[in-house]
1. Among A:52, A:1, B:52, whose Cα sits farthest toward the positive end of the charge dipole of the protein assembly as shown (+1 at Cβ of Lys/Arg, -1 at Cβ of Asp/Glu, about the Cα centre)?
2. May I ask for the net charge around residue B:25, where only other residues with Cβ less than 15 Å from the Cβ of residue B:25 are counted and Lys, Arg are +1 while Asp, Glu are -1?
3. Give me a single rounded figure for B:18-25: the average over its residues of other chain Cβ atoms within 10 Å of their Cβ.
4. How crowded by other chains is A:44-51, given as the mean number of beta carbons from other chains within 10 Å of each beta carbon?
5. Need one number: nm distance between label points at residue A:61 and residue B:23, each 7 Å from Cα along Cα→Cβ, rounded to one decimal.
6. Given springs between every Cα pair under 10 Å in a Gaussian network model of chain A, which of A:34, A:56, A:47 has the largest fluctuation?
7. Let me know the charge dipole size of chain A about its Cα centre in debye, to the nearest 20, where only the beta-carbon of Lys, Arg (+1) and Asp, Glu (-1) is charged.
8. In degrees from 0 to 90, rounded to the nearest 10, what is the angle of the helix A:16-29 Cα long axis to the longest principal axis of chain A?
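No value in this document is a laboratory result; all are computed from the given coordinates. In this text, all values refer to a predicted model and were calculated from it rather than measured experimentally. For neighbour counting, all protein chains shown are included, and Cβ atoms are generated from backbone atoms with ideal geometry for every residue, glycine included.
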Amino acid sequence: METVPLAYPAIWLAEPSLFSVVRDLCDDLDVVPVHESQSFSYDAPLVAGESYDFSVTVSREETPPRLTMVATVATSDGETCARVETMLRLVPRAGFGSVS
Amino acid sequence: MSGDIKVGDTIPETVIGPFDAPSLARYAEVSGDANPLHLDDAVAAAIGFPAPPVHGMKLLAAFEPMLRAWRDDLIISSLAGRFVQPILRGDTVRLSGRVLRATDDEIFVRLTAYGAARAPGIIGEATLRPKVGA
């Protein structure tokens, strides 16, 4: 059984259809997301070639300003096998040049 | 079995990098993280970095092979890290770990990644468990 690297689900978070939510919000707020922390927690390893459901919840905190993305990875039978949390600090765009 | 692992045990240091601009560009392409902060010297300079920082995820992911090389009789059930300060393109990166808690069922390890700066770039943690049947 070939398993998937622990950090691989980060690639799914970068999918344009998902990350566009963050990008649009940051554009509206005129801030830049800076990766503050990342975690991966597994109940079972992900298997290469299998299909999984990947669902993401995004929440925003005001103080300090940040976004938290919590994703769950589940089998097609609905069994959760991993949880992924991404914390993005929101930094004013001023001084960040053209970063987006 | 993990019974031979004790609090304070250290994981052999792993050295990776230095990463050059083509390496960061390849990572951006495959990961989908094309933030120009990691790729564009001018953007990095605009916020005071002498070189673009390496993607934090690229470095955090590098702990997995280090942990697997340490103990292949354990599985890694969690991996986490805080990106404390940037590790810059061109830095040699030193990954290390130390056991903070150890029981027969679970090993908790503190992880650190250092670039050229005195302070760590990443402070992380991992939880490992014995493989079933190991």
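1. B:52
2. In short, -2.
3. Whole-number average of other-chain Cβ neighbours for B:18-25 is 0.
4. 1
5. Between residue A:61 and residue B:23, the label points sit 3.3 nm apart.
6. Looking only at A:34, A:56, A:47, the biggest GNM fluctuation is shown by A:47.
7. Computed about the Cα centre, the dipole is about 400 debye.
8. 20
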